[in-house]
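Student: Structure provided below as structure tokens; questions to follow.
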Amino acid sequence: AARGDVLSVRGLKVGYGGIQAVKGVDLDVNRGELVTLIGANGAGKTTTLKAITGGVGWSGDIAYMGKSIAGRKAFHLLREGLVMVPEGRGVFARMTITENLLMGAHVRSDGQVQADIDRMFGLFPRLKERAGQLAGTMSGGEQQMLAMARALMSQPKLLLLDEPSMGLSPIMVEKVFEVVRSVHAEGTTILLVEQNARLALQIADRGYVMDSGEVTLTGPAARLLDDPKVRAAYLGEE
Ligand code: ATP
């Protein structure tokens, strides 16, 4: 099959000691796409993202922007626009919203940083209202917004989101998905890992279903939403 022009993963394997967490995954992301990776707890989704961002040792073949990333460090990949928002968000709790956003821009050297902060405040009005508040005192959903905004400040060419809906109230989950949808609509290429398979497939172009370290199904998101096996196993339907 044709390889993704932004990301192309072939035969990815990751083991933790004796445990094989990822057992030969193939995955592609093309420019402008929103691709989602869904699956049950422990399927290997987070591990796949960690391999792509240089956070864990792996074997196989990963190409980013057409070039192998074997041996590249997370910091270098970040500078080249490969940016992950981890599960648990990792905002700088003792810095304000604005300071967190500035940290996201530290890999850049252009003069557009203030314009981008304004753009983030447009995308996330809640952050604008709280610009001077310490990030650690924000709600879980607000911190998720901040983590995404901070990642966007680095002008990612590929944004990897690990379970952005984790631990949020249903209303905040809706808001976070709305934001992911508009960030995608503005042209950002996204790989979204989610346990909330229904919402993820509703906003994605394509999806991959992972089970026990392997991709068991892939296709257009609309087709996966209609797939009887997906409906029974991941959408809670009979
Ligand atoms: P979840 O949705 O629960 O986060 P996941 O699909 O993201 O699950 P992973 O976190 O990638 O799954 O975990 C895949 C497997 O690897 C699991 O069996 C997990 O216990 C194991 N695993 C993950 N991290 C480590 C680690 N640091 N050391 C040992 N085993 C690990």
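Student: Report the local net charge at residue 164: Lys and Arg +1, Asp and Glu -1, summed over other residues whose C-beta lies under 11 Å from its C-beta. Before the final figure, lay out the partial values.
Tutor: Numbers: positive: 89, 175; negative: 87, 162, 163, 194.
Local charge sum for residue 164: -2.
Student: Let me have the relative contact order for region 1-102, percent, based on Cα pairs under 8 Å that are six or more residues apart. Please list the in-between numbers first.
Tutor: Values: 129 pairs, mean separation 27.7, N = 102.
Across region 1-102, relative contact order equals 27 percent.
Student: Also, I was wondering about something else. How large a share of the accessible area of the chain, in percent, is made up of carbon and sulfur atoms when the probe is 1.4 Å and the other protein chains stay in place? Show your work: numbers first, answer last.
Tutor: On the way: 5590 of 10860 Å².
Ligands and nucleic acids excluded, carbon and sulfur reach 51 percent.
Student: Could I ask something else about it? Relative contact order for the chain: what percent, with Cα pairs under 8 Å and sequence separation of 6 or more? Mind dumping the intermediate values first?
Tutor: On the way: 454 pairs, mean separation 64.9, N = 238.
Relative contact order for the chain comes out at 27 percent.
Student: Report, in debye and to the nearest 20, how large the dipole of region 1-129 comes out about its Cα centre when Lys and Arg carry +1 and Asp and Glu carry -1 on their Cβ.
Tutor: Charge dipole of region 1-129: 340 debye, to the nearest 20.
Student: Averaged per residue, what accessible surface does the chain expose to a 1.4 Å probe, in Å²?
Tutor: Values: 10860 Å² over 238 residues.
Ligands and nucleic acids excluded, the figure is 46 Å² per residue.
Student: 222 nm [θ] for the chain, helices only, -39500 (n - 2.57) per DSSP H run of 4+, per residue, to 500?
Tutor: On the way: 10 runs with 88 residues, N = 238.
Calculated mean residue ellipticity at 222 nm is -10500 deg cm²/dmol.
Student: How much of the DSSP bridge set in the chain is antiparallel, in percent, rounded to the nearest 5?
Tutor: Working: 22 of 40 bridges.
Once the DSSP bridges in the chain are tallied, antiparallel ones form about 55 percent.
Student: Any idea which of 109, 37, 139 is furthest toward the positive side of the dipole for region 1-153, if Lys and Arg beta-carbons carry +1 and Asp and Glu beta-carbons -1?
Tutor: 37
Student: Count the lysine pairs in the chain whose Cα atoms lie under 24 Å apart, taking only pairs 8 or more positions apart in sequence or on different chains.
Tutor: Final tally of qualifying lysine pairs is 22.
Student: Ranked highest first by the average count of other Cβ atoms within 10 Å around their residues, in what order do 6-14, 224-232, 69-77 fall?
Tutor: Details: 6-14: 20.0, 224-232: 15.8, 69-77: 13.2.
Highest-to-lowest ranking by the protection proxy: 6-14, 224-232, 69-77.
Student: Around residue 81, with a cut-off of 11 angstrom between Cβ atoms, what is the net charge of the other residues, counting Lys and Arg +1 and Asp and Glu -1? Spell out each step's value before the answer.
Tutor: On the way: positive: 79, 108, 157; negative: 80.
Value of the local net charge: +2.
Student: Can you check what the net charge comes to around residue 195, using other residues whose Cβ is under 14 Å from the Cβ of residue 195 (Lys, Arg +1; Asp, Glu -1)?
Tutor: -3
Student: In whole Hz and in residue order, list the ³J(HN,Hα) couplings for region 216-229 that follow from phi through the Karplus curve 6.51 cos²θ - 1.76 cosθ + 1.60, θ = phi - 60°; x for Gly and Pro.
Tutor: Karplus-based 3J(HN,Hα) across region 216-229 equals 9, 8, 8, x, x, 4, 4, 5, 5, 4, 9, 6, x, 5 Hz.
The values are calculated or read from the model by the stated rules, or taken from the named source; none is laboratory data. Predicted model, so just to flag it, every value in this text is computed and none were measured. No Cβ is skipped: glycine too gets one built from the backbone with ideal geometry, and neighbour counts run over all protein chains shown. Surface areas here come from the heavy atoms of the whole protein model, side chains and all, with no ligands, DNA or RNA. Shrake-Rupley method; radii C 1.70, N 1.55, O 1.52, S 1.80 Å.
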